[in-house]
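Engineer: Here it is: the structure, laid out below.
Each value in this text was obtained by applying a stated rule to the coordinates, not by laboratory testing. None of the values given here were measured: they were computed from a predicted structure. So basically every Cβ, Gly included, is an ideal-geometry build from the backbone, and we count neighbours across all protein chains shown.
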Amino acid sequence: MAIKANSLREQTDEELLNLMDETRSELANVRMMQRVGDGSQSPVKMRTLRRDVARIKTVMQQRVAKA
C-alpha cells in the first residue's frame, strides 16, 4: 500500500529517516528475490516501494527548503 504524502508530513524527521531505511531495505529484499528467481514478488511491489522512497525524499527536501 502506498504511503500518502500528507501522512509523511505529519511525521518527525527521525520517523522519516527510520521509514526511509525500512523502505529501502524492503526494496533491496524484493530486488534480491526477483534476481534469485522468486516470482512471487510482483513488479507492482517494486514500483510502489520506489515511489514511497521518492515521496519520503520529497517531503524531507521540502522541509530543508522551507528552513
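Engineer: How about the chain: which GluC sites (Glu not before Pro) there are in a DSSP loop, with at most 14 other Cβ atoms within 10 Å of their Cβ? Spell out each step's value before the answer.
Structural biologist: On the way: sites: E10, E14, E15, E22, E26; in loops: E10.
In loop regions of the chain (DSSP not H, G, I, E or B), the sparsely surrounded GluC sites (Glu not before Pro) are E10.
Engineer: Additional query: Using alpha carbons only, what's the Rg to Rh ratio of the chain with Rh from Kirkwood? Let's see the in-between values first.
Structural biologist: Details: Rg = 13.4 Å, Rh = 12.7 Å.
Using Cα coordinates only, the ratio equals 1.06.
Engineer: On to the next question. What's the angle, to the nearest 10 degrees (0 to 90), between helix 43-66's Cα axis and the longest principal axis of the chain?
Structural biologist: The angle comes out near 20 degrees.
Engineer: Separate question: Exactly which trypsin sites (Lys or Arg not before Pro) in segment 1-40 are in a DSSP loop and have at most 13 other Cβ atoms within 10 Å? Don't jump to the answer; show the numbers that get you there.
Structural biologist: Details: sites: K4, R9, R24, R31, R35; in loops: K4.
In loop regions of segment 1-40 (DSSP not H, G, I, E or B), the sparsely surrounded trypsin sites (Lys or Arg not before Pro) are K4.
Engineer: If you don't mind, there's one more thing I want to ask. For L49, what charge total do you get from the other residues with a beta carbon under 12 Å from its beta carbon, if Lys and Arg give +1 and Asp and Glu give -1? Numbers along the way, then the final one.
Structural biologist: Values: positive: R24, R31, K45, R47, R50, R51, R55; negative: E22, E26, D52.
Charge balance in the 12 Å sphere: +4.
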